[in-house]
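Data block below; observations after.
The values are calculated or read from the model by the stated rules, or taken from the named source; none is laboratory data. Everything quoted here is computed from the prediction, not taken from an experiment. Here the Cβ is made from the backbone with ideal geometry for all residues, glycine too, and neighbour counts use every protein chain on show. SASA here: full protein model, heavy atoms, side chains in, ligands and nucleic acids out. Shrake-Rupley method; radii C 1.70, N 1.55, O 1.52, S 1.80 Å.
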Amino acid sequence: MARTIQSLERAAAMLRLLAGGERRLGLSDVASALGLAKGTAHGILRTLQQEGFVEQDPASGRYQLGAELLRLGNSYLDVHELRARALLWADDLARSSGESVYLGVLHQQGVLIVHHVFRPDDSRQVLEVGAMQPLHSTALGKVLCAYDPVAHSQLLEAEREAFTGRTVTALPDLEGVLDLTRARGWAADVEETWEGVASVAAPIHDRHRMPVGAVGITGAVERFCEDGELRAQLIAAVRDCARAVSRDLGAGRF
């Protein structure tokens, strides 16, 4: 039988303890319940706290489960439910816009493509499900960073490569882009990641009104822009799709 790692076993036991019974527990409660020395229990709790799996109430000093653990616990269901809910709406968006549709979620300091609908023409295309896109330069990534605090924190840590002369990499400038994204409810990428390619994306929210992903369209700049501006009908189509998927996830009206 393979050997187990004691510290991980203890951490798992702490999480189970905090998940049941009282909402918050003090250090002495945790140590006593698990038969650990206070110093040992405190060290594990501090590590879990640093990773966001445990939170400590500033007033009482008592511990409870952290938001990151809850996020991880729901991630598998959320991604698959998100994709299932988005299938028909993504197909409709591809037909109405005439462009490729991408559904993305946050993953490892980037955007993971979990669904891709081909552009509805006879051109040769490659399925990009499972591909990763950068957070800082793509429309999908900007939307996630604007609405998801975890994505925003990962943006600060991620390498921000200048893919083209239009790529925004300086943090103050990026923060301005994210402010604009939140203000108008959508993000754009006009030749910031790939020369000659533009994209528009909007956020998808769940029944708790938490951002769970983004949907967007991608295509040639000449089809997306007119007189130097993105076509309003394309932006509206993407936003309508995002709202429809959000409603199907229980988010209500935005």
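Among ALA237, ALA242, which is surrounded by 15 or more Cβ atoms within 10 Å (Cβ to Cβ) and within 19 Å of the chain's Cα centre (by Cα)?
ALA242
Does LEU36 satisfy being open to solvent by less than 60 Å² (accessible area, probe 1.4 Å), in a loop (DSSP other than H, G, I, E, B) and either in contact (Cβ under 8 Å) with a residue 24 or more places away in the chain or more than 11 Å from LEU65 (Cβ to Cβ) (or both)?
yes
Residues of the stretch 189-207 being open to solvent by 20 Å² or more (accessible area, probe 1.4 Å) and free of Cβ contacts under 8 Å to residues at least 40 places away in the same chain, which ones?
GLU191, TRP194, GLU195, GLY196, VAL197
For TRP186, which of the numbered conditions (1) open to solvent by 80 Å² or more (accessible area, probe 1.4 Å); (2) of a type outside the set (Val, Ile, Thr); (3) modelled with pLDDT of 95 or more fails to hold?
Here TRP186 meets the rest and fails (1).
Would you please list the contacts, defined by Cβ atoms under 6 Å and residues six or more apart or on different chains, that run from a residue in the stretch 225-254 that is farther than 22 Å from ARG209 by Cβ to a residue that is among the polar types (S, T, N, Q) and open to solvent by less than 40 Å² (accessible area, probe 1.4 Å)?
From residues that are farther than 22 Å from ARG209 by Cβ, the pairs are LEU234/SER97; ALA237/SER97.
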